[in-house]
Every structure is written in structure tokens, then in C-alpha cells.
Amino acid sequence: MSKKPNLLFFGIDSLRRDHMSHYGYGRLTTPNISKYAEGGVTFNHCFSAHIPTTPGYSNMMTGRDCFGTDVVALAQKSIIEGVPVLAEILRDNGYTTTCVGFQGNAGGRGYDNYLSFSGWGPDHDDGRAHKAENLNDVAIPELERLAAQDKPFMLFLRHMDPHSPYLAPAPFKDMYFKGDPCDPADKRMQKVYDFKPFGDYIKSWVPEGCTNPDYVIAQYDAAVTYMDCCIQQILTRLKELNLEEDTIVIFVSDHGETLYDHDCYFDHHGLYDCTLVVPLILRWKGHLPEGKRYDDYCQLKDVTPTLLELMGIENNLPMEGRSLLPLVRGEHRDAEPEFYITECTWMRKHGWRTPEWKLIVALEPDFHFKPELELYNLIKDPEENHNVAAENPEVVEALKTRMYAWIAKREKETGRPAPIYTNFLMNGRPFVSSQEAYDSKYIGGIADAVKLQQKK
């Protein structure tokens, strides 16, 4: 191959790793991605350490942690000056770059071309959201255009199907739920509707009178399956264009999704593993092993250094992330079993995760009225349902000591305070009570959600 490899980048918003059949989920949600991944490598434990979308993609596209980007908040507009993103690095190395569906985000900076598609609410007479088909209508012609050029290209595709509203079209919408979603004897959705910040938004896209959260979860899974089928059309076209051996393909997500978990209904906040753990799959025919899986911990900050090494692009930039290719080659790679985590979506928290424990520290009262400290034993309680902070004060203190020592180290290295201390959610100040936080937040419908997305 005379030129550098192309890069086809699937950035899938809100995709839970544990709801992909490729990672062992009981429903066959991702058969096409799984089959394609058989020709590549899969990382079983990849974390989005800084959520939600804006910091997640900032880490992913720079190889930096949150101190390196200075980005932790949903609404932040830019990465710190002087830190290049992947699209800019590739442009400087002779690439043509196109971004589909991600203009205006800090991590989406630097592309030559930006294309958009309808990726939110109902857009057809059937009352469903044809997000992935809308993306394909834009992405496949662009793939063909880029393929006709003599320069290597990066095509970034931001799929929105697993992001609410979950409105996959027929026949997918009926794949995973056969009961009555509106059984009046089922009261489980009532607490969702009673949650003022989200209740009206969720009512705007679930069936009127829906009482069963399992129906909503089934709609999430249906959206993933619908997307998977549409992604196959892109992969088929890639093969038809004879580009498989010339193109690196990556599947990754910015964060997971809270479904009916932890009172964080059908969103992507909360520093729980359903939100932090994301898929990461790489394939480059003839250049990467086939069907290999790796259990070592990695993070989104490792994506850019991995891609640059795989593409043969010299990387002398400062990065906290590290290439994963030593694992692929069977070489030693220093482990990073414990790490700092943050969220600044609807609430501002940070914490420390080890293989055994997760500590979450609230920096201000949150809108779920949760306690300031949460501690979970990830071995005994992997779903993080039992806060054991009160029973384990010595563990809390030990993890706090590690976390604050690491923060102090990074503050000294960067010469800046931890960004979670300086990025607020409201009026440049912390919330004084959970009630104030609760009362300040409201999404009335899909249009409101779109406006919030546009602020990212």
C-alpha cells in the first residue's frame, strides 16, 4: 500500500457495552458488528472515565485526560488551546477528513467537511426515528466520494440510535417485547414520570399510558439492532469499493446509558459502570489479528495514540493515553487498574475506581438527593446497588487519599486546578441543595433535548 490507511470511525452515542450481543448480551442486538469484529480485535474493559459526550470525545480525540483537555462539562465549547485533535493531526499528515453529525462539539473540531442528518425524534409518517438510515443517506455517498480521491481519508460517523428517544422503526420496534406495555397493574414507570426533570421528556416519546420499563429497555435494544443492520450497509459498501485492506475501522462509544438503573432514567449520567464502560473494537484486514479479545483495562484516552501508531504516524505530542498495540503484539503494557472519574452532566461529581472498589464524591448536592459519598464493592456488588460507604470508612479514606494525591500531582504537572472544581452547572456557582438542583432542571420534550444537545 503506497498511501497511509484510511480511517472509518464509528462513534456511537450512548451505546452500552453490556447490551451488545458481541459482549455477551442475551439478545442478538449486534450480529453484524460481531461478525465484522471476528476479523479484528476487541477490548473487553474500555472506560469512558470522564462523562458525558463532550469530555468523552475530548479524551478520545486528543489522547489526553481531563487535565490535559481541561474539559469535564457537557456544555464546554473548546479544548484547551494548543491541544490538537485527531482530525487536525491527520490533516497535517495529508488526510482528507469528513465528520457526519458532530459539528460544534469540542471533540469534533478540525474536519475539512461537515455533514448533518436527522438524528433525533420522529421523522417519518410512522412516528418513528430513522436515525441510522438518515445517516447512511449522507455517509455512503461521502464514503464513495472520499474513495475516489488519491488521498487517505478519515470518515467520522456519529450514530445516535442508542441515544433517547429510542424509536427504531418496524420491524425492529417489536423485536424484543411481546407483552402489554400499558398494563395498569404495573406501576414501575410512575416514578419515572414523577421525576420532574425528565418525566415529561420521556412521556413525549413512549406510548401514552406506558407502565412497563422493560418495554422502554426493549426499545433501546431495538434501536441498537436497527443501527447494527444499517451499519452493515456501510461495511458492505466499504468492501464493494475494495477498501477493506486499506481502511482501519473502529467502533467505540462516548459513554454508556442508564436505563432503569440507579434512578437515572434513560439517560447517561451517574458514575456507575453502565455509563462508564464502553465498547472498543478495531479491525484492519491483514494488519490486525482476527478474533482476539483483551481483558486489560483501557480508556478512551488510549484511542488516538493507538490509531496513530497503527497508521504509522509519528506521534511526539504529549498524551496521557497510551497505544494498545503492545497488547496486540503480545508485549508488556503497563497496567492502569485504578483511575480518576468525573461527571458534569446534570450534577458534578468525581471519584476513584479500582478493580475492587468505586468511590463517588459529590461536589455539590445532586438532583437525585443521593448522599455525598457512595462506595461500591465491585466484586460483591458489580451492579452497584448497595452503597457501603458507612460500613467501610477506612476504605473511603484510603480511596480519597489516592484520588486527592493524583489530583494534586496532575495540578502540579499542568499548572491548573482540576477542571471539575472550576466548571459549574449553574450560574458559575455550586448548587446549595438537592432541591435547588432538582428544581433547576427540566426537559419538556424532544425539541428541548435537541436544544440541549446543540449546546454541547
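Where a number appears in this text, it was derived from the coordinates with a stated rule and is not lab data. Since the model is a prediction, treat every value here as computed from it, not as a measurement. Heads up, the Cβs are rebuilt from the backbone with ideal geometry, glycines too, and the neighbour counts pull from every protein chain shown.
Report the residues of segment 1-36 in range of a label on residue 242: point 7 Å along Cα→C-beta, backbone N strictly under 14 Å from it. Residues 1-2 fall inside that zone. The dipole here belongs to the chain: it is taken about the Cα centre, uses +1 on the Cβ of Lys and Arg and -1 on the Cβ of Asp and Glu, and is about 780 debye. A full extension of the chain between residue 114 and residue 383 corresponds to an added length of 92.9 nm, given 0.36 nm per residue minus the alpha carbon distance. With a cut-off of 11 Å between beta carbons, the residues surrounding residue 140 carry a summed charge of -3, where Lys and Arg count +1 and Asp and Glu -1. Considering only 393, 376, 324, and ranking their Cα positions along the charge dipole of the chain that arises from unit charges at the beta-carbon of Lys, Arg, Asp and Glu, the one farthest toward the positive end is 324.
Take 39-48, 265-274, 288-297 and order them by the average number of nearby Cβ atoms within 10 Å per residue, most first; the result is 265-274, 39-48, 288-297. In the chain, helical runs assigned H by DSSP with n ≥ 4 each contribute -39500 (n - 2.57); averaged across all residues and rounded to the nearest 500, the mean residue ellipticity at 222 nm is -9000 deg cm²/dmol.
Of all beta bridges DSSP finds with both residues in the chain, what is the antiparallel percent, to the nearest 5? Rounded to the nearest five, the antiparallel share is 50 percent. Here the contact order of segment 347-440, divided by its residue count and restricted to Cα pairs under 8 Å and six or more residues apart, works out to 31 percent. In straight Cα distance, which lysines are under 22 Å from residue 239, not counting same-chain residues fewer than 8 positions off? In chain and number order, the partners are 3, 4, 35, 151, 285, 292.
Take the Cα of residue 200, step 7 Å toward its Cβ, do the same at residue 81, and the gap between the two points is 4.1 nm. Think of segment 185-240 as having a plus end and a minus end, set by charges on the Cβ of Lys, Arg, Asp and Glu; of 217, 234, 198, 198 sits farthest toward the positive end of this dipole.
Charged neighbours of residue 29, selected by a Cβ distance under 10 Å, balance to 0 (K, R count +1; D, E count -1). Where Rh is the Kirkwood radius over the Cα pairs of segment 307-425, the temperature 20 °C and the viscosity 1.002 mPa s, what D in µm²/s does Stokes-Einstein return? For these conditions, the coefficient is 128 µm²/s. Counting 0.36 nm for each residue step from residue 137 to residue 394 and taking away their Cα separation leaves a gain of 86.9 nm.
By count of other Cβ within 10 Å, fewest leading, how are 53, 62, 236 ordered?
Listed from fewest to most nearby Cβ atoms, that is 236, 53, 62.
Global size of the chain: 21.3, 66 Å for Rg and Dmax (C-alpha atoms, Rg to one decimal, Dmax whole). Within a straight-line Cα-Cα reach of under 26 Å, residue 196 can be paired with the following lysines, leaving aside sequence neighbours fewer than 8 residues apart in one chain: 187, 349, 370, 441, 451, 455, 456. Listed by chain and number, the aspartates and glutamates whose C-alpha is less than 12 Å from the C-alpha of residue 203, apart from same-chain residues fewer than 8 away, are 194.
Each part gets one Cα centre, and for segment 369-419 versus segment 35-75 those centres are 20 Å apart. Taking all Cα pairs closer than 8 Å and separated by 6 or more residues, the relative contact order of the chain comes to 24 percent.
Indicate the helices, whole DSSP H runs only, in the chain that combine a mean Kyte-Doolittle hydropathy of -0.5 or more with a Cα extent along their long axis of 20 angstrom or more. What comes out of the filter, once short or polar helices are dropped, is 131-147, 213-240.
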